[in-house]
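Take a look at the structure set out below.
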Amino acid sequence: MKLALFGGGAMGRLISARAKDEGHEVALVLTSRDAQRSADELQDLLRGHDAAIDFSVAGAVLSNVTACVRAGVPIVVGTTGWSLHEPDVRRVVEEHGGALLYGANFSIGVNIFYRIVARAAELFQDVPYYASFIEEAHHARKRDAPSGTALRLRDLLAPVADDIPVASTRAGYIPGTHRVGFDSDADQVMLTHTARTREGFAAGALLAAGWIVGQQGTYEFSDVLNKILAERTIRK
Ligand SMILES: NC(=O)c1ccc[n+]([C@@H]2O[C@H](COP(=O)([O-])OP(=O)(O)OC[C@H]3O[C@@H](n4cnc5c(N)ncnc54)[C@H](OP(=O)(O)O)[C@@H]3O)[C@@H](O)[C@H]2O)c1
């Protein structure tokens with residue numbers, strides 16, 4: 001694939017290196033300096049790419065998606081913290097017949113973790129004396145808190161309670177840890193996902209980019225992961 005990247009930070013660099021390893025061409029990397037470009041200029045730069053991948057900042061997502069769908073380039077968005085703009089983003093994609101695949105967490109393990117948590121929520125909804133809670137920890141540079149993954153976990157726990165506490169820690173270099181607990185006076189059940197490196201996010205994002213080419217509409221990664229895995233194999 002001929003790829004365009006929004007964001008040349010920690011994730012952008014990782015995706016770039018991995019994309020090249022997988023035989024893709026990273027033909028364009030846009031960073032904060034490109035935020036000054038006009039919409040027309042951005043579209044011209046993007047035209048002709050097979051897909052774009054966005055790991056930038058929340059405030060740029062709407063204009064990045066708009067530029068991509070106008071240029072006819074499907075886009076994968078891994079950037080988090082833009083849920084306030086989600087209705088506008090969806091509308092723009094629909095209006096232009098574009099393709100968007102987004103996910104707060106492109107790790108395959110986390111997406112399996114979501115299913116485990118959803119099943120746990122089903123089991124615990126009939127035993128209301130367990131109090132559920134979420135804890136997440138990330139590196140000090142992460143801007144949004146709670147993480148998009150924690151918010152998704154909270155949605156999955158809605159059958160259990162609607163006021164689930166979420167604790168966030170930002171410190172050091174932690175790639176990402178999420179815990180979901182169910183606590184009673186007698187015992188505690190704790191489910192944990194621990195990212196060891198960010199490689200898993202890059203691998204999932206590239207897998208998603210391969211899948212979104214030729215699609216139309218807006219998709220959330222965990223909703224289509226089974227479909228994607230049925231069609232493609234993921235490298236470790
Ligand atoms: N979905 C997932 O699986 C997943 C995994 C990890 C991280 N994330 C999310 O991905 C995002 C990026 O993470 P990161 O660790 O790579 O952050 P980072 O190291 O801070 O990099 C952010 C990059 O975005 C660029 N940027 C800022 N404004 C821009 C704009 N208007 N257009 C294009 N690029 C722009 C920055 O440019 P400069 O270099 O010029 O400052 C920088 O290169 C965050 O929202 C993070 O939460 C998601």
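What number goes with the only condition from (1) assigned to a helix (DSSP H, G or I); (2) closer than 25 Å to residue 22 by Cβ; (3) at pLDDT 95 or above that residue 219 does not pass? Going through (1) assigned to a helix (DSSP H, G or I); (2) closer than 25 Å to residue 22 by Cβ; (3) at pLDDT 95 or above one by one, residue 219 breaks only (1). Out of 118, 67, 71, 60, one residue alone is surrounded by 18 or more Cβ atoms within 10 Å (Cβ to Cβ) and under 24 Å from residue 200 (Cα atoms). It is 60. Filtered by the rule that a residue be within 26 Å of residue 197 (Cβ to Cβ) and crowded, with 16+ Cβ neighbours inside 10 Å, segment 14-43 gives 14, 15, 16, 18, 19, 24, 26, 28, 29, 30. State yes or no: is residue 178 more than 21 Å from residue 58 (Cβ to Cβ), within 16 Å of the ligand (Cβ to nearest atom) and part of a strand (DSSP E or B)? Criteria not met by residue 178.
In the set (1) within 16 Å of the ligand (Cβ to nearest atom); (2) over 17 Å from the mean Cα position of the chain (by Cα), the condition left unmet by residue 157 is number (1). Per the listing 21, 50, 40, the residue uniquely assigned by TED's automatic domain parsing to the domain that holds residue 94 and more than 22 Å from the chain's Cα centre (by Cα) is 40. Just one of the listed residues (151, 206) is part of a helix (DSSP H, G or I) and surrounded by 21 or more Cβ atoms within 10 Å (Cβ to Cβ), and it is 206.
The values are calculated or read from the model by the stated rules, or taken from the named source; none is laboratory data. On a predicted model such as this, the values are computed, not experimentally measured, just so you know. For neighbour counting, all protein chains shown are included, and Cβ atoms are generated from backbone atoms with ideal geometry for every residue, glycine included.
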